[in-house]
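I have placed the structure first, in the form of structure tokens, so that the comments after it can refer back to it.
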Amino acid sequence: MTLDLPLLFALLLGFGIAMYVVMDGFDLGIGILFPFAPSDADRDSMMNSVAPIWDGNETWLVLGGTLLIAAFPVAYATLLPAFYVPLVLMLFALIFRGIAFEFRFRAERFRALWDWAFALGSALAGFCQGIVLGAFINGVPEQPGALSFLSGFAVVSGLGLVAGYALLGATWLILKTGGSTGAFGQRAARPALVATLAFIALISLWTPLAHEPIRARWFSLPNILFLWPVPFVTAVTALVIWRAVPSRYEAVPFLGSIFLFLLALSGLGVSVFPYAVPWRVTLWQAASSTPTLDFIGVGVLVILPIILAYLAYAHWIFRGKVRAGEGYH
């Protein structure tokens with residue numbers, strides 16, 4: 001049996017995107033919640049909870065970009081010029097929050113400046129990622145302008161992703177911190193959950209109304225018979241998160257939030273398949289030649305297990321809770 005390499009690499013790219021959104025999402029969420037923390041000591045604990053692993057999480061961003069340019073060069077060449085502005089803003093935001101990690105603990109006079117660099121960098125990075133997602137769903141015009149990515153739908157997508165990252169960050173605090181910081185995570189989780197669900201509902205209604213191909217995909221027979229349970233599963237997941245927030249099952253809200261993100265991402269994948277550039281270029285039209293995909297596949301077989309092993313080991317080493325003023329133990 002011949003492997004459908006473009007489809008396989010599309011699944012690998014989707015896996016990389018999902019891993020980035022989940023793994024980097026919670027530490028971006030920490031930054032989004034940073035200004036609302038009760039005290040400077042709580043902000044110390046929040047940053048300590050992600051300090052050993054945040055840079056490894058961004059490996060998935062590098063992997064996704066590399067797979068896109070190598071496996072789907074047509075999509076890369078089409079999407080990058082259309083999204084230059086939000087992508088450059090995102091990279092600058094990630095740079096500022098990365099610098100804040102290094103300087104905040106050493107700063108005395110300007111610590112508040114680095115607090116805001118960390119918070120605004122995290123929020124701007126998440127917002128720009130949501131903007132790109134919304135603009136991708138809208139489709140790229142034949143000759144995109146500098147601001148052609150900007151639309152009401154893209155802005156709502158950006159705000160929705162910021163809310164979702166805040167939910168991941170809050171539930172991460174419940175899992176990884178205690179005392180006043182963990183209590184702050186509990187207080188933040190439910191409002192973030194409500195905001196995330198509101199944006200999910202709005203985007204889920206807006207998307208099929210604005211895009212006929214998606215409307216036909218979701219609401220035609222027999223597709224609707226297979227897809228109608230998704231809203232039900234989403235509601236059940238949200239209820240589980242809500243009820244688990246003040247309980248002793250501290251991992252449940254975080255795992256439930258991850259599952260909520262995976263549901264949303266899978267819905268996106270179903271909506272735009274089989275397009276690499278909605279609604280113009282399919283995966284097979286955008287893919288590299290078979291020998292190129294074979295070559296890339298060998299590299300992925302080597303690199304992907306290393307990344308997974310490294311991240312698993314890092315999370316295992318830092319599997320405990322952060323203690324106030326002391327870090328992991």
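The values are calculated or read from the model by the stated rules, or taken from the named source; none is laboratory data. All of these numbers come straight from a predicted model, not from anything done at the bench. Counting neighbours? That spans all protein chains shown, and the Cβs are built from the backbone with ideal geometry, glycine included.
Assorted remarks:
- Pair list, Cβ under 9 Å, 6 or more apart: segment 1-27 residue of a type in the set (Phe, Trp, Tyr) and buried (at least 18 other Cβ atoms within 10 Å of the Cβ), other residue in a loop (DSSP other than H, G, I, E, B) and at pLDDT 90 or above: PHE9/PHE72; PHE9/ALA287; PHE9/SER288
- Of all residues making up segment 173-198, the number that are charged (D, E, K, R) and either touching a Ser or Thr at 6+ places or on another chain (Cβ under 6 Å) or in a strand (DSSP E or B) (or both): 1
- If you check ALA75, ALA93, ALA117, ALA112 for being over 19 Å from the mean Cα position of the chain (by Cα), without any contact (Cβ under 8 Å) to a residue 40 or more places away in the chain, in a helix (DSSP H, G or I) and crowded, with 21+ Cβ neighbours inside 10 Å, only one passes: ALA117.
- Of the helices (runs of 4 or more DSSP H) lying entirely inside segment 203-273, those carrying at least 2 residues that are among the aromatic types (Phe, Trp, Tyr) are 212-219, 229-244, 251-272.
- Criterion violated by GLY130 - all others in (1) more than 30 Å from SER288 (Cα to Cα); (2) at pLDDT 90 or above; (3) of a type outside the set (Phe, Trp, Tyr); (4) surrounded by 21 or more Cβ atoms within 10 Å (Cβ to Cβ) satisfied: (1)
- Close pairs from segment 162-186: first more than 22 Å from MET90 (Cβ to Cβ), partner of a type in the set (S, T, N, Q) and surrounded by fewer than 23 Cβ atoms within 10 Å (Cβ to Cβ), Cβ under 6 Å, at least 6 apart: ILE174/GLN186
- The residues listed here are LEU87, LEU61, LEU80; of these, the one that is assigned to a helix (DSSP H, G or I), surrounded by fewer than 20 Cβ atoms within 10 Å (Cβ to Cβ) and at pLDDT below 90 is LEU80.
- Residue tally, condition free of Cβ contacts under 8 Å to residues at least 12 places away in the same chain and part of a helix (DSSP H, G or I), over segment 120-147: 0
- Filter result for the condition that a residue is more than 21 Å from TYR20 (Cβ to Cβ), out of contact with any strand residue (DSSP E or B) (no Cβ under 7 Å at 6 or more places or on another chain) and free of Cβ contacts under 8 Å to residues at least 24 places away in the same chain, over LEU197, LEU202, LEU193, LEU150: LEU150
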